[in-house]
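Below is one structure, written out as structure tokens; comments come after it.
The values are calculated or read from the model by the stated rules, or taken from the named source; none is laboratory data. Just so it is clear, the structure is predicted and the values come from calculations on it, not from any experiment. Accessible surface is based on the protein model in full, side chains and every heavy atom, while ligands, DNA and RNA are left aside. Shrake-Rupley method; radii C 1.70, N 1.55, O 1.52, S 1.80 Å.
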Amino acid sequence: MRATVSRLWCRKGYQAITLFGHIFTREQAMADSLNRRFDTLKNHEMIHLRQAQSTRNSWLLFYTLYIYYSLRALTYWRKTRNAAYYLNPFEMEAYRHMHDLHYLDDKAQGAHEWRKYARMPLAERLSLLGSLRRPS
């Protein structure tokens, strides 16, 4: 997956976003870095690609579920900043494994751990949040 610059798609405060199999960044230097080497940020975005494969290879279904889980997590906006983003099961899997650069080695058919987080109550996801955002 190649990275390109688009301030329209990558909003302020985020380093990169994956849309329909493309990585968008806000700055050319970041895009060049992602195109040159495989690091934790690129791994995070590649996990989203594999997650889309696990939703019957449908970007439409992936984004429908992504929006659904984000809207459900909005109820926790007072407890944590950006709850809709960080409590989303897709983001939880990506953050948990972004520092493991070999996580996707055996995931050719898609990354499925997000389903485990989707079954958890939001309160339980909130309690896991701190450990998922730190490298293990």
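Here the accessible area is traced with a 1.4 Å probe on the protein chains. For the chain, carbon and sulfur cover 54 percent of it. Over the stretch 52-109, all Cα pairs binned in 5 Å intervals from 0 give whole-percent P(r) values of 4, 19, 20, 23, 18, 11, 5, 1, listed from short to long.
Once the cut-off is 20 Å, how many percent of the Cα-Cα pairs in the stretch 1-75 end up in the long-distance tail? Don't skip to the end; give the middle numbers.
Details: 953 of 2775 pairs.
For the stretch 1-75, the share of Cα pairs beyond 20 Å comes to 34 percent.
Rolling a 1.4 Å probe across the protein heavy atoms gives the chain an accessible surface of 60 Å² per residue.
How high is the relative contact order of the stretch 1-134, in percent, with contacts defined as C-alpha pairs under 8 Å that are six or more residues apart? Intermediate results must be reported in sequence, preceding the final value.
Working: 169 pairs, mean separation 28.4, N = 134.
It comes to 21 percent, rounded to a whole number.
Amide H contacts for T4 (H built 1.01 Å from N in the peptide plane; partners 5 or more residues away or on another chain; cut-off under 5 Å): I23, F24, T25.
Each stretch of four or more DSSP H residues adds -39500 (n - 2.57); spread over every residue of the chain, this sum gives -15000 deg cm²/dmol at 222 nm. Where the alpha-carbon atoms of the chain are placed on the principal axes, they occupy 39, 33, 32 Å, in descending order.
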